[in-house]
Amino acid sequence: MNLFILTHQVILVTDGKTGIGHRSLKNSLETWDQRESSGEDKFPLPFKFPCKLHIMVISNPSDPDLKSSFPLFEKLIEMNGQGGEVCVPDNALTLQSVETMFTRLQEKYFKPYNGILRCGNFKCSIQLFPPPDPYNVVEEFEEVHQEVGSCLEILGFVDIADVASPQALSRHLVLPLPSKELKAADNGGYSLLRGESLFI
C-alpha cells in the first residue's frame, strides 16, 4: 500500500453563529448519534473519504458568542477525526485580517509540490496536485515521519487493470513546468527545451 494517501480539504466559512433551537449546531452535536444513518436527517460527519476539515470564522475575535461557539467548531473537527483547524482573524475584524487568515491556511495546507520527474535519460520539472501528504505513524519504539523526495523516477509501467483499487494508490495530477533553458542534467541526462514537456 502506498504510504502517501491523497487527502481532500473541506473549508467551512462561517460568521461564528451557531443558531438557536433544535436546528442549532449545539443541539445537532448533542443528538448526532440518535439520527438515522441515512436520509436527509443524517449527520454529515465523519466524512467517508480522507478529508481534513478547516473552519474559517469571519468574526471579531472578541465577540462573546465566539467563546461559546469555538468549542463546537473544534468538536466538528474532532468528530471528523482526520485533522484540520479552526481559524479566526487576529485582533479586530478587518479585510486585511481576513486575508491574512486565509493566506496562513493556504501556506500551511496548499503549498504546491515542485520536483523533478525522471524517465531514463530525460527529466522534466513538474508540479503535483494536490501535493502528497507526509506519512506519520507511531510504531512500537519510534515515530516514523516520511515525505516524498524532490525527485520522482519512473521505473516501469503497470497495466491499468492492476491499479484500479483506490485503497492502493495516491492519485495526483502531474503538471509539467517549462524549463528556462536546455541544460545538461546529472549523469549525462538532458532536460527538455523551454515549452516542451515530458508527458507520461
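The values are calculated or read from the model by the stated rules, or taken from the named source; none is laboratory data. Given the structure is predicted, the values throughout are model-derived calculations rather than measurements. Heads up, the Cβs are rebuilt from the backbone with ideal geometry, glycines too, and the neighbour counts pull from every protein chain shown.
Things to note:
- The listed residue being in contact with a helix residue (DSSP H, G or I) (Cβ under 7 Å, 6 or more places away or on another chain) and either assigned to a strand (DSSP E or B) or in the same structural domain as G156 (by TED's automatic domain parsing) (or both), out of I55, I116, I126: I55
- Residue that is surrounded by the fewest Cβ atoms within 10 Å (Cβ to Cβ) [pool: residues in the stretch 128-153 that are farther than 27 Å from M56 by Cα and touching a Pro at 6+ places or on another chain (Cβ under 8 Å)]: H145
- The residues of the stretch 73-113 that are over 16 Å from the mean Cα position of the chain (by Cα) and either aromatic (F, W, Y) or not in a helix (DSSP H, G or I) (or both), listed by number, are F73, V88, P89, D90, N91, A92, L93, T94.
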